[in-house]
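Written below as structure tokens is the structure these notes are about.
The values are calculated or read from the model by the stated rules, or taken from the named source; none is laboratory data. Not measured: the values here are computed from a predicted model. Every residue, glycine among them, receives a Cβ derived from its backbone with ideal geometry; neighbour counts consider all protein chains shown.
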Amino acid sequence: MHSSIIISVLITIIIVISEAEGKKMNYDEIFMKCSKANGWKQKMMTEISPFGKKSGKSGESSGGYLKKFLCTQKCVWEELDFISGTTINVDKVKKSELMWTFIKMEEMNAYLNCIKPIKVKVCEDIIKINVCTKAISSQS
């Protein structure tokens, strides 16, 4: 379970690093802004599963560490314009250079088709994106 958490966190961090290069804010600013706004701390990583399942000693679910993590991910995607309103901007995601580093060309359309219908209204909706990411990364 910890490997799936690490994959999700790393993907989020790498996306921010890659995409922040073209923005005024750098990676640290975006990630720190989103982390601080949502109360996320790295030490919480071992306590959650980004796929919505309870994990760790605390057993907290969406009401605790998991929600903070998902809200941080949502914030990052919004800062990078991957989410506009409730809609995922699949064109922006597809154009992200980073996405091509962990999703193979032949898998990209399946990934985009998976995330395209997702409406991100609340932080917990990020779980659906993480499930798509996990499905693609587990095929590799």
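For the reader, a short list of remarks on this structure follows.
- For Ile118, the criteria (1) out of contact with any Lys or Arg (no Cβ under 9 Å at 6 or more places or on another chain); (2) aliphatic (A, V, I, L, M); (3) modelled with pLDDT of 80 or more hold in every case but one, which is (1).
- Condition check for Lys92: outside any helix (DSSP H, G or I), of a type outside the set (Val, Ile, Thr), modelled with pLDDT of 85 or more and within 15 Å of the chain's Cα centre (by Cα): no
- Filtered residues of the stretch 95-115 (kept if over 12 Å from the mean Cα position of the chain (by Cα) and modelled with pLDDT of 85 or more): Glu107, Met108, Asn109, Ala110, Tyr111, Leu112, Asn113, Cys114
- Test result for Met32, surrounded by fewer than 16 Cβ atoms within 10 Å (Cβ to Cβ) and either outside any helix (DSSP H, G or I) or at pLDDT below 85 (or both): yes
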